[in-house]
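Report on the following structure.
Coordinate-derived values only; no laboratory data. The model shown is predicted, which means the values in this text are computed figures rather than measured ones. So basically every Cβ, Gly included, is an ideal-geometry build from the backbone, and we count neighbours across all protein chains shown.
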Amino acid sequence: MWRSLFREPRRYGVVRDGAAFVRTLGSLGSGDRNFELDCPAGVCVDGDNHIVVADRDNNRIVVVARRDGSFVRTFGSAGAAHGQFKSLYGVCVNAVGLI
């Protein structure tokens, strides 16, 4: 199971099936280089074994490698047009890998 650490809402914690804490991903911010987040609001794992995060206050999706937490890519921006978001509250990946 993957879930946000709500005590620290600006970062993500990784846990497995309610077991002990495994890793923290991200830090407060809006940049790409160090996997910065501002209110992560949803998380899932895609078919390529990447962690996909809904970065609510940055209005984007952030993708990181599950094995080591390294940054893979980001997409989206604030707005109402195609590819833009406003206050993301979740994310999922379908059977063919579309986010």
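Can you tell me the FRET efficiency between Asp38 and Arg67 if r is taken as the Cβ-Cβ distance and R0 is 35 Å, rounded to the nearest 0.05?
The calculated FRET efficiency here is 0.90.
Among the chymotrypsin sites (Phe, Trp or Tyr not before Pro) in the range 26-99, which ones are in a DSSP loop with at most 12 other Cβ atoms within 10 Å of the Cβ? Mind listing them?
Sites meeting the loop and neighbour criteria: Tyr89.
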